[in-house]
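Reviewing the structure listed below.
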Protein chains: 2
Amino acid sequence: MALGKDYVGQDCSLSRALELLGERWTLLVVQNALYGVRRFSDFQVRLDIPKAVLSDRLAHLIEGGVMRKSQYQTAPPRYEYLLTDAGIELWPVIFAIGVWSRRNLGGEPPRLFRHAECGTDLVPSGDCPKCGPIEPAEVEMYPGPGPKRMDPVSRAMNRPRRLLEPVIPEQ
Amino acid sequence: MALGKDYVGQDCSLSRALELLGERWTLLVVQNALYGVRRFSDFQVRLDIPKAVLSDRLAHLIEGGVMRKSQYQTAPPRYEYLLTDAGIELWPVIFAIGVWSRRNLGGEPPRLFRHAECGTDLVPSGDCPKCGPIEPAEVEMYPGPGPKRMDPVSRAMNRPRRLLEPVIPEQ
DNA sequence: CTACCCCGGTTCAATGAACGAACCGACACT
DNA sequence: AGTGTCGGTTCGTTCATTGAACCGGGGTAG
């Protein structure tokens, strides 16, 4: 999507954002990164995405300044994929789409979000109703009533935890 | 994207929303509907989108309850495409992506948004800083410094006007 | 009456993207 | 020496997008 045959000629910010974020899987990758997924193989397990596509999407996100690649061991060289500040700023977008989806498409949420400090669930704007606007790192996710995946990565994510806190699948 | 090879197995609201909204062009169609575009040919002129794709996307949006088709003349039968309430509720999502894009990808905005009643520009959350949360119908768009398309539909959109107010290209 | 235009589409061949299976290289462990 | 893990790449098949051509109902100008 990002080469040549884009949303050329569009004059709005939305089209520029969609060239980067509008490809299939991309927003789900960012969402999982917010949820703490960092490793190539963990994204792959959680998303059931072809490796070639994941590789392509991560490359585009890095190119676009949304994620960055960081080496976490040298022998053999291994990398993890982290959100940049620009990427973390996508939290309101992802939360807003989730809110819209639950209101308008229905379905039980597998995860809920509350302000870690005071335990109050976030309102649709993404703010804490008691404390006002909060950072993604102040948000705690905890299991909701909806169905959950049972792969090791998802299971590690089903414990209450803050956004951006690294997911460590057991074994 | 919406048939068979979807984001099956994903457990989150985001993936359900993306099955409907994540296809190429779809969010741009919704955005233009919020900006007042209603007719098939006007979407087509504004977006430079293949007719077959536009037809497909409108059908999916109707199926998903985001838009509805309304007859505006009988001989010959002509239809316009309107947002449902669910569709109008996508305004915060679209505004949030636009805000993110301007902050993180740069570029001059061709359009700015203010509260129609008091004339104050909206804050990133989409609220009016003086009056608090407001409805999309209370938002007025007006030309910003960025480049603008010059097709008849876009030209009609470059005058200050409220969201959802129908665009009527001259001629 | 005829020709042409507008609107809202559909059809079709060519191109490009996504999928999934197979493979690979570096290293660790047994 | 063989097996396993991580982070990929390669490749043939399938699916989606594109742009051009076509179409039909009706209005309008000559």
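Take the solvent-accessible surface of the protein heavy atoms, probe 1.4 Å, and return the percent of it on the protein assembly as shown that carbon and sulfur atoms account for.
Carbon with sulfur: 53 percent of the solvent-accessible area.
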*asked:* Need one number: buried accessible surface between chains B and A, 1.4 Å probe, both sides summed, DNA, RNA and ligands left out, in Å² to 100.
replied: 4100 Å²
*What residues of segment B:49-97 lose no less than 40 Å² of accessible area with every protein chain in place versus their chain by itself (probe 1.4 Å, heavy atoms only)?*
B:E89, B:V93, B:I97
_Size of electric dipole in the protein assembly as shown: Cβ of Lys, Arg +1 and of Asp, Glu -1, about Cα centre, debye, nearest 20_ = 500 debye
*Accessible surface of A:L21 - all protein chains present, 1.4 Å probe, nearest 10 Å²*: 10 Å²
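Kindly state, to the nearest 0.05, the FRET efficiency for A:D127 paired with B:Y142, given R0 = 25 Å and r defined as their beta-carbon distance. Can you show the working numbers first?
Working: r = 27 Å, r/R0 = 1.08.
Calculated transfer efficiency: 0.40.
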*Would you mind counting up the charge near A:V139? Only other residues with Cβ under 12 Å from its Cβ, with Lys and Arg at +1 and Asp and Glu at -1.*
-3
*What are the label-to-label distances in nm, one decimal and shortest first, from A:E165 to the same spot in the other copies, with labels 7 Å along Cα to Cβ?*
4.9
*Please find, in a Gaussian network model of chain B (springs between Cα atoms separated by less than 10 Å), the residue of B:N32, B:N104, B:N158 whose mean-square fluctuation is greatest.*
B:N104
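Would you tally the net charge around A:Y81, using a Cβ to Cβ cut-off of less than 14 Å, leaving A:Y81 out, and scoring K and R as +1, D and E as -1? It would help to have the intermediate numbers written out before the result.
Details: positive: A:R38, A:R39, A:R46, A:K51, A:R57, A:R68, A:K69, A:R78; negative: A:D42, A:D56, A:E63, A:E80.
Summing Lys/Arg as +1 and Asp/Glu as -1 gives +4.
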*Along Cα→Cβ at 7 Å, what distances in nm separate the B:K51 label point from those on the other copies, shortest first?*
4.5
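Using a 1.4 Å probe, what is the accessible area per residue for chain B, in Å²? It would help to have the intermediate numbers written out before the result.
On the way: 7750 Å² over 171 residues.
It amounts to 45 Å² per residue over chain B.
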*For the pair B:Y79 and A:T74, how long in nm is the line joining their label points, each one 7 Å along Cα→Cβ?*
6.5 nm
*Work out the mean other chain Cβ neighbour count within 10 Å for the residues of A:24-35 and drop it here as an integer.*
3
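The values are calculated or read from the model by the stated rules, or taken from the named source; none is laboratory data. It should be emphasised that the depicted structure is a prediction, and the values quoted were computed from it without experimental measurement. Glycine also receives a Cβ, built like all others from the backbone with ideal geometry; neighbour counts cover every protein chain displayed. With ligands, DNA and RNA removed, areas are computed over all heavy atoms of the protein, side chains included. Shrake-Rupley method; radii C 1.70, N 1.55, O 1.52, S 1.80 Å.
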